[in-house]
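K.L.:
Sharing a structure below in C-alpha cells format, with a few things to ask.
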C-alpha cells in the first residue's frame, strides 16, 4: 500500500482527527479490506501526532470494527466490504434461483448509473487507473487465464464504481461484487464455455471503458446495461447447455452395459 495517502493533522492533533481521516479513507474506498497500515512510528510521523494519540485513535477504530490487529503484528483494514448484505441474507440468496434474476436486474440498473456517473466525474487519475486495468484484462484474455480474467473483471467494475464518486453507490456495488467474487451467482466456467463468449465480454468491457474515458455518460450507461443483459442471457444459455450435458451423461451411464440392436441385425455392446 502506498505510504503517502495519510496527511499531517493541521489543527489540534487529537485522536478524533486521526480517526476521522482514516474513516474517510475507508469510506471513499482509498483504503480497502486487508490493506496494512504503516507501522506505528511511521504513521505517527505522517499524521504528525504523538504515538499515544495515534494508539488511542487506532484503538477506537478497532472498537468500531474498521481496523483489526492480526496475530504476528500489523494493523489492517477490516473486511467491511459486503456488509450491506448480512450473512443470513447472503445464504438465502445463494440458495434461491429467483435471486439470481433479481440480482442481475439490480446490477443492470445500478451499474448503468455507476457508469453514467463515472463518465461525468472521472478524473485524470481515474482514467489512468482504468487504462491499467484494461491492459491487464487484455493480457489475461490473450493468455486465456480464467482466474486472472475473472479477478480483473471484478476489479474493473469496482473501479467504475469508484470513478462514480458516490460513497453509497460505491459500497453497494462492492457488496454486489463480493457475492460475485464468492461465486454465489455466476459460474464463469460455464459462460466462458459458450462459443465467442470470452471475446464478446471483452468487447463489452472495452465499450464501457471507452464511453467512461470519453466522457459519454449516455453511452456508458447503455454499454453497462447491455453488458449485464448479455450475462443474463449467457447464463441462461450456459445453464440450459449444462442441463443437456448432464442429462446426456445420465442416459449414457444408465444404458452402459446394455445390449442394443445393431444395424446389421446383430447385437452390439454399448461402449
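Each reported figure results from applying straightforward, stated rules to the coordinates on display, with no laboratory input. On a predicted model such as this, the values are computed, not experimentally measured, just so you know. Don't worry about glycine lacking a Cβ; one is built from the backbone with ideal geometry, like all the others, and counts go over all protein chains shown.
K.L.:
Using Cα-Cα distances under 8 Å and only pairs 6 or more residues apart, what relative contact order does region 1-149 have, in percent? The partial results should precede the final answer.
P.N.:
Working: 101 pairs, mean separation 26.9, N = 149.
In percent, rounded to a whole number, it is 18.
K.L.:
Is the shape of region 34-178 best called rounded, prolate or oblate, per the rule: a/c under 1.5 gives rounded, else a/b larger than b/c gives prolate, else oblate, with a ≥ b ≥ c the square roots of the Cα gyration tensor eigenvalues?
P.N.:
On the way: a/c = 1.91, a/b = 1.47, b/c = 1.30.
Verdict is prolate for region 34-178.
K.L.:
Rounded, prolate or oblate, given the Cα gyration tensor of region 15-77, with a/c below 1.5 counting as rounded?
P.N.:
Numbers: a/c = 1.42, a/b = 1.13, b/c = 1.26.
Rounded, since a/c falls under 1.5.
K.L.:
Another one. Test of understanding: ordering 191, 160, 139 by Cβ neighbours within 10 Å, fewest first, what list do you get?
P.N.:
Details: 191 19, 160 26, 139 13.
Ranking 191, 160, 139 by Cβ neighbours within 10 Å, fewest first, gives 139, 191, 160.
K.L.:
What list do you get for 117, 192 if you sort them by fewest beta carbons within 10 Å?
P.N.:
Working: 117 21, 192 16.
By the 10 Å Cβ count, ascending, the order reads 192, 117.
K.L.:
Right, here's the next one. Listing 206, 87 from the residue with the fewest other Cβ atoms within 10 Å to the one with the most, what is the order?
P.N.:
Values: 206 14, 87 9.
Result, fewest neighbours first: 87, 206.
K.L.:
Here's another thing I want to ask about it. How far, in nm, would the chain grow between residue 87 and residue 10 when pulled straight, counting 0.36 nm per residue and subtracting the alpha carbon separation?
P.N.:
Details: separation 77, 0.36 × 77 = 27.72 nm, distance 4.05 nm.
Additional length available on full extension: 23.7 nm.
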